[in-house]
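The values are calculated or read from the model by the stated rules, or taken from the named source; none is laboratory data. Model, not experiment: these values are computed from the prediction. All Cβ positions, glycine included, derive from the backbone under ideal geometry; neighbour counts span all protein chains shown. Only protein heavy atoms, including side chains, enter the accessible area calculation; ligands, DNA and RNA are left aside. Shrake-Rupley method; radii C 1.70, N 1.55, O 1.52, S 1.80 Å.
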Amino acid sequence: MTIFVGLTGGIATGKSTIVKFLKKRGYAVHDSDLVVKQIYLNPTKDFLYMLKKNKLSHSIKNKKIDKKIIRDEIFSNKVKKKKLETFIHKEVRKSREVFIKQHKKKKAKILFFDIPLLFEAKLTHICDYIILLYAPKKTKIERALKRKGTNKKTILKILSNQTNDKIKKKKSNYIINTTKTKNHSFKMILEAINNIMAQNA
């Protein structure tokens, strides 16, 4: 049996750092953000058609997509947001299914799924265990502001669209506070993995 572990957390909670660490340790991780990045970098005809159909064609410039235009517009338009998310989630699901198939063939004991919107997309049912990366709101804002092209208004909009941390904590099997050192977070994730493996020995 292959164990499915969901890895989640709000904006700027250290998911990328943990994913890099897990990959370095030889664990197989399906990175939803990476799939989404590729969708925007190499848009298919279907994606371009969907954007045009939903009056987002002004975000397409020479077959390149301006994510900022899309992000600003969908936060004030729930219909457009829903249609875009439906398309993206479908593509990510296809990629995840291929990933599962490949690694089940290799008889992998444990697989990780980095899904930032795990709760929002109602994907908890695909996971045997959920590891939540947590940081207080103030820390998330401070970290996110250091990123290129971000501002406080956008960050607050993103946070308001994410499930409340109290709910996430209740629904998670392991919670890792990422406000401490990176090494502490690495130690905690390895402890969680050891614990999961011991339960399934």
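Remarks
- Taking the Cα centre of the chain as origin and assigning +1 to Lys and Arg Cβ atoms and -1 to Asp and Glu Cβ atoms, the resulting dipole is close to 520 debye.
- Size of segment 102-201 as Cα extents on the principal axes (Å, biggest first): 46, 30, 27
- Sequence-distant residues sharing a close amide H with I175 (under 5 Å, placed H): L132
- Principal-axis tilt of helix 32-41 within the chain, Cα atoms, nearest 10 degrees: 30
- Long pairs among K101/K122; K148/K171; K23/K67; K122/K152, criterion Cα-Cα beyond 29 Å: K148/K171
- In this simple spin-label approximation, I69 and S57 carry label points 7 Å from Cα along the Cα→Cβ vector, and these lie 1.2 nm apart.
- Using the 1.4 Å probe convention, the accessible area of the chain works out to 61 Å² per residue with neighbouring protein chains retained.
- Peptide ranges 85-95, 40-50 listed from the most packed, as the mean C-beta count within 10 angstrom indicates: 85-95, 40-50
- For segment 21-172, the share of accessible area belonging to carbon and sulfur comes to 53 percent (1.4 Å probe, ligands and nucleic acids excluded).
- Cα-Cα separations in segment 1-106 greater than 18 Å, expressed as whole percent: 57
- Treating r as the C-beta distance of K152 and D128 and R0 as 45 Å, the FRET efficiency rounds to 0.75.
- Phi to ³J(HN,Hα) by Karplus 6.51 cos²θ - 1.76 cosθ + 1.60 over segment 119-126, Hz, x for Gly, Pro: 6, 5, 8, 6, 10, 4, 5, 7
- Alpha-carbon centroids, segment 91-111 and segment 32-58: separation in whole Å: 23
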